Amino acid sequence: MTTTQFNVGTLLQEPIGSRREINFQPDNSSALFLENTLSFYGVLEMIKIQRGVLVSAKLTVPDVPLDCSGCLTKFVKEIKIEFQEEYLPLYNLKTNRLLPADEDVFRINNRMMLDITEAVRQYTETAIPIAPKCREICAGICVYCGKDLNQSTCTCDSSEQDNQFGPLKEYFK
Ligand SMILES: [Zn+2]
Ligand SMILES: [Zn+2]
């Protein structure tokens, strides 16, 4: 398992524009901690900028666990993410003074480790569709008997199923 943390101590000493490229292979992917352990693959580039390190990532997270908005079944979906984020050290590199930054800015820790886990998690969550579907056309669940209509049909009257009010129909008579 590849790490999601990189020592950028040397990179931070190098001239602006110096870069590192890291390739994550699908079969040797990094751990990403959402609710479960996930993996991802793709390319990560780290570039030395004046204040710290600019990270550009193009990653695929192959197994994001989701709940189908139609039938409520759990399934996994491949999510592709792309981001560019600045990572700033805790201390000003020249003066060694504490370098204040907004809370939402990513930081390089005091052991010069740059950790991409949180960025990958945030961008993956943002990329999840609002109403994920387990398949292109999910048949959903029957509003009368609760059966998953992708698995089986039910004996409920289909003309009633077409009624969008479902069991509330009587109410509107
Ligand atoms: Zn579904
Ligand atoms: Zn039914």
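No value in this document is a laboratory result; all are computed from the given coordinates. Given the structure is predicted, the values throughout are model-derived calculations rather than measurements. For neighbour counting, all protein chains shown are included, and Cβ atoms are generated from backbone atoms with ideal geometry for every residue, glycine included.
Worth a mention:
- Residue-count net charge about C134 - beta-carbon cut-off 12 Å; Lys, Arg +1, Asp, Glu -1: +1
- Contour minus Cα-Cα distance for V43 and N92 (0.36 nm per residue): 14.8 nm
- At an R0 of 45 angstrom, the distance between the Cβ atoms of R135 and I22 translates into a FRET efficiency of 0.85.
- Spacing of the two label points (7 Å from each Cα toward its C-beta) at T126 and F83, in nm: 0.7
- Full extension of the segment from Q13 to D115, taken as 0.36 nm per residue of separation minus the current Cα-Cα distance, would add 34.9 nm.
- Neighbour net charge for L93 - beta-carbon separation under 12 angstrom, K R +1, D E -1: +3
- Lysine pair number, Cα distance threshold 29 Å (strictly under), region 5-136, separation 8 or more or different chains: 10
- At R0 = 45 Å, FRET efficiency that the Cβ-Cβ distance of T60 and C145 yields, to 0.05: 0.70
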